[in-house]
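Student: Supplied in structure tokens, the structure appears directly below.
Every number in this text was worked out from the coordinates using simple rules, so none of it is lab data. If you're wondering where the values come from, they're calculated on a predicted model, not measured in any experiment. Ideal geometry is used to build each Cβ from the backbone, glycine not excepted, and the neighbour counts take in all protein chains shown.
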Amino acid sequence: MRRFHAKDKKATFPIGIVVSRFNEEITSKLLDGAHQRLKELGFDEGQITLVEVPGAVEIPVVLQRLAEMKQFDALIALGAVIRGDTSHYDYVCEMVSSGCQRISLDFKLPVVFGVLTTENEEQALERCGGSHGHKGREAVDTACEMVSLLRLL
Ligand code: INI
């Protein structure tokens with residue numbers, strides 16, 4: 001059996017992050033955690049490109065632009081979609097999730113989905129440093145593992 005497993009987080013590489021401002025009290029925490037984790041892993045500021053967009057719906061087109069630049073080994077999407085009283089939530093979730101996947105597959109590039117989709121703000125807070133971990137930090141670890149894995153295969 002040939003088995004591939006890449007948990008090595010030592011390599012650093014150019015990485016692009018797209019963060020949305022909608023629900024900024026949440027997305028700023030996701031970004032802070034991701035940035036802190038990148039620094040812990042030895043990334044320097046010159047390797048990190050950050051782009052802010054208004055809402056999660058706008059994330060994929062910027063990922064597409066970054067992917068077209070062919071300068072990044074991985075991209076991370078950070079956002080927070082919180083259910084409201086209407087069906088808008090479902091449209092936003094569908095647009096951002098399918099858009100991120102499309103960019104990843106079209107460009108053969110890891111696009112880490114660090115977009116929270118929650119029923120309420122409390123659930124979102126639990127996922128950025130609370131009882132359910134930190135999805136910003138975890139997004140960085142996933143990016144590193146995927147870059148290493150794709151180099152192995
Ligand atoms: N954008 C988000 O990132 N999170 C949300 O919870 C959200 N809600 O609930 O409406 C949201 N809407 C804005 C959307 O992403 C676009 O910016 C807007 O529709 C303009 O295209």
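Student: Using a 10 Å cut-off on Cβ atoms, rank the peptides 146-153, 56-63, 20-27 from the highest mean neighbour count down.
Tutor: 56-63, 20-27, 146-153
Student: Would you mind calculating the gained length between Glu94 and Lys10 on full extension (0.36 nm times residue separation, minus the Cα-Cα distance), in nm to one decimal?
Tutor: 26.9 nm
Student: Which entries in Lys39/Lys108; Lys7/Lys39; Lys39/Lys70 show an alpha-carbon gap greater than 21 Å?
Tutor: Lys39/Lys108; Lys39/Lys70
Student: Which order results if His35, His5, His132 are arranged by neighbouring Cβ count within 10 Å, fewest first?
Tutor: Going from sparsest to densest Cβ surroundings: His5, His132, His35.
Student: For the stretch 53-153, take the convex hull of the Cα atoms, compute a quarter of its surface area, and give me that in nm², please.
Tutor: Average of the hull's projected areas for the stretch 53-153 equals 6.7 nm².
Student: If I fit a long axis through the Cα atoms of helix 135-152 and take the longest principal axis of the Cα atoms of the chain, what angle between them do I get, 0 to 90°, rounded to 10?
Tutor: Here the helix axis deviates by roughly 30 degrees.
Student: If you don't mind, another one. If R₀ is 35 angstrom, what is the calculated FRET efficiency for the pair Arg21 and Arg151, using the beta carbon separation as r and rounding to 0.05?
Tutor: Once rounded, the FRET efficiency stands at 0.55.
Student: Can you tell me the alpha carbon radius of gyration of the stretch 1-80 divided by the globular rule-of-thumb value 2.2 N^0.38 Å?
Tutor: Ratio of Cα Rg to 2.2 N^0.38 Å: 1.20.
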